[in-house]
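Enquirer: Structure provided below as structure tokens; questions to follow.
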Amino acid sequence: MKRSIFRQLLDKPLAVVALTYIVLNLLVAIFAHTIASDKSPETNTMVLEFSARSPGFTHEVLKVPRNNGFALIPVNSIRLSKDSVIVAHYIDESLFDTVRYSLLDFGKEIADSTALKKNYVQKNTYLLGTDRYGRDVFSRLIVGARVSLSVGIISVLLSLLLGTTFGALAGYYGGTIDKMIMWLINILWSIPTILLVFAITLTLGKGFWEIFVAIGLTQWVGAARLIRGQVMAVKELDYITAARALGLSNTRIITRHILPNISGPIMVIASSNFAAAILTEAGLSFLGIGVQPPNPSWGLMIKEHYNFLVTDRPFSVIIPGVAIMLLVYSFNILANTLRDIFDVKSR
């Protein structure tokens with residue numbers, strides 16, 4: 001069955017491109033800190049002098065030792081005196097200031113300018129430019145992919161767990177159980193999703209994991225309605241009647257005979273929910289109640305730089321926006337393709 005689905009996906013070029021893009025994003029998220037230029041934990045290294053630079057910007061920086069690491073000082077030139085390091089501190093394209101640092105700050109191993117440049121001077125290249133704080137947009141985009149894919153995975157797993165459980169119980173048992181579950185579903189369905197996420201987020205608190213749980217707790221309703229309908233249709237088939245006649249327990253019938261045979265619609269709703277979860281997280285981060293700084297998030301990157309759209313350097317807001325659009329579009333294509341594959345009536 002799985003090989004057949006995969007083969008059918010390969011017959012659809014657009015689905016292959018979408019699946020390839022999703023897998024590429026997954027690999028990028030896994031190896032984010034290996035790929036990223038900024039190796040700091042939250043890719044939050046700031047060089048304010050490099051604020052809002054265009055893609056491809058390159059400049060040398062001097063790593064001045066500090067108690068908790070290094071301070072990055074942009075420099076135009078460096079020279080050594082008897083007991084000092086004298087640098088032309090880069091401020092802007094046509095502006096610099098002369099700054100003197102004690103050799104004691106760099107340790108005894110600095111004997112000449114060659115040793116200084118080898119150990120304490122590096123050339124920073126910003127492939128996608130910098131944001132308003134002088135942070136590397138490429139590094140934050142790469143690490144931000146972890147947030148988008150993580151929120152998709154965790155919220156989809158949570159929504160499918162709840163949706164499958166409640167939907168299967170309502171569809172299989174019917175009667176009072178069905179009425180109670182559908183009453184709860186209809187109540188939650190009547191509340192706008194974004195307001196429900198707000199309420200859950202404010203209850204759980206703002207944070208990395210809280211936003212994932214909040215989104216998952218709002219998405220299970222749609223999954224439950226779909227699974228309920230599928231279970232109601234499947235439980236009337238002959239093989240389920242035969243399973244009951246053999247004395248199999250209801251739990252075994254649901255888990256071993258019904259759910260495996262409605263895996264197609266479940267896969268479709270999972271792909272659709274994945275795209276919705278990414279959009280919801282981006283929206284919440286844009287509004288300031290999602291992932292909190294300095295953690296990189298595509299929605300947060302847009303929030304911090306949306307006013308750059310009216311300037312001549314809009315890259316720091318356009319790039320994460322395009323990343324969100326492509327990933328959501330890929331999941332929507334995958335969901336539509338899976339729906340066509342499993343829709344026997346349309347063939």
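Enquirer: Please indicate, with yes or no, whether at least one residue in the stretch 127-147 is more than 27 Å from the chain's Cα centre (by Cα) and in the same structural domain as PHE208 (by TED's automatic domain parsing).
Expert: No, every residue in the stretch 127-147 fails to be more than 27 Å from the chain's Cα centre (by Cα) and in the same structural domain as PHE208 (by TED's automatic domain parsing).
Enquirer: Mind checking whether some residue in the stretch 294-304 is among the acidic types (Asp, Glu), closer than 30 Å to ALA199 by Cβ and in a helix (DSSP H, G or I)?
Expert: yes
Enquirer: In the stretch 4-23, which residues are surrounded by 13 or more Cβ atoms within 10 Å (Cβ to Cβ) and either among the β-branched types (Val, Ile, Thr) or assigned to a helix (DSSP H, G or I) (or both)?
Expert: Passing the criteria: ILE5, GLN8, LEU9, ALA15, VAL16, ALA18, LEU19, TYR21, ILE22.
Enquirer: Could you tell me whether any residue of the stretch 320-342 is under 18 Å from SER51 (Cα atoms) and not hydrophobic (A, V, I, L, M, F, W, C)?
Expert: Just the residues of the stretch 320-342 that are under 18 Å from SER51 (Cα atoms), to begin with: 320.
Cutting the leftovers down to not hydrophobic (A, V, I, L, M, F, W, C) gives us 320.
Checked against the condition, which is being under 18 Å from SER51 (Cα atoms) and not hydrophobic (A, V, I, L, M, F, W, C), the stretch 320-342 yields at least one hit.
Enquirer: Based on this model, can you work out whether LEU169 counts as surrounded by 14 or more Cβ atoms within 10 Å (Cβ to Cβ), assigned by TED's automatic domain parsing to the domain that holds SER272, modelled with pLDDT of 85 or more and of a type in the set (A, V, I, L, M)?
Expert: Spelling it out, LEU169 is indeed surrounded by 14 or more Cβ atoms within 10 Å (Cβ to Cβ), assigned by TED's automatic domain parsing to the domain that holds SER272, modelled with pLDDT of 85 or more and of a type in the set (A, V, I, L, M).
Enquirer: Separate question: So which of THR280, THR337 ends up being in the same structural domain as ILE200 (by TED's automatic domain parsing) and in contact with a Leu (Cβ under 7 Å, 6 or more places away or on another chain)? If you could, list the steps in order and put the result at the bottom.
Expert: Details: THR280 fails: in contact with a Leu (Cβ under 7 Å, 6 or more places away or on another chain).
Checking each option against the conditions leaves just THR337.
Enquirer: Quick one: GLY163 ticks every box in (1) closer than 26 Å to VAL234 by Cα; (2) more than 32 Å from the chain's Cα centre (by Cα) except a single one, so which number is it?
Expert: It fails just one condition, (2).
Enquirer: What pairs come out if I take residues in the stretch 11-36 that are free of Cβ contacts under 8 Å to residues at least 40 places away in the same chain and pair them with residues that are among the basic types (Lys, Arg) and surrounded by 15 or more Cβ atoms within 10 Å (Cβ to Cβ) whose C-beta lies under 9 Å away, six or more apart or interchain?
Expert: So the pair list comes out as ILE30/ARG146.
Enquirer: Could you figure out which of (1) within 21 Å of ALA275 (Cβ to Cβ); (2) touching a Leu at 6+ places or on another chain (Cβ under 9 Å) isn't true of ARG225?
Expert: (2)
Enquirer: When the stretch 202-237 is examined, which residues are found to be buried (at least 20 other Cβ atoms within 10 Å of the Cβ), within 22 Å of the chain's Cα centre (by Cα) and either of a type in the set (Val, Ile, Thr) or not in a helix (DSSP H, G or I) (or both)?
Expert: ILE211, ILE215, THR218
Enquirer: Restricting attention to the stretch 277-284, does a residue exist that is more than 27 Å from ILE302 (Cβ to Cβ), surrounded by fewer than 21 Cβ atoms within 10 Å (Cβ to Cβ) and of a type outside the set (Ser, Thr, Tyr)? Can you show your working first?
Expert: Quick first cut of the stretch 277-284, residues more than 27 Å from ILE302 (Cβ to Cβ) only: none.
No, the stretch 277-284 contains no residue that is more than 27 Å from ILE302 (Cβ to Cβ), surrounded by fewer than 21 Cβ atoms within 10 Å (Cβ to Cβ) and of a type outside the set (Ser, Thr, Tyr).
Enquirer: In addition: Is it true that some residue in the stretch 43-61 is under 30 Å from ILE319 (Cα atoms) and exposed (fewer than 11 other Cβ atoms within 10 Å of the Cβ)?
Expert: Checking the stretch 43-61: at least one residue is under 30 Å from ILE319 (Cα atoms) and exposed (fewer than 11 other Cβ atoms within 10 Å of the Cβ).
Enquirer: Within the stretch 285-318, can you find the residues that are surrounded by fewer than 20 Cβ atoms within 10 Å (Cβ to Cβ) and β-branched (Val, Ile, Thr)?
Expert: Hits for the stretch 285-318 are ILE289, VAL310, THR311, ILE318.
The values are calculated or read from the model by the stated rules, or taken from the named source; none is laboratory data. These numbers come from a predicted model, not from an experiment. In this analysis, Cβ positions are derived from the backbone assuming ideal geometry, glycine residues included, and neighbour counts consider all displayed protein chains.
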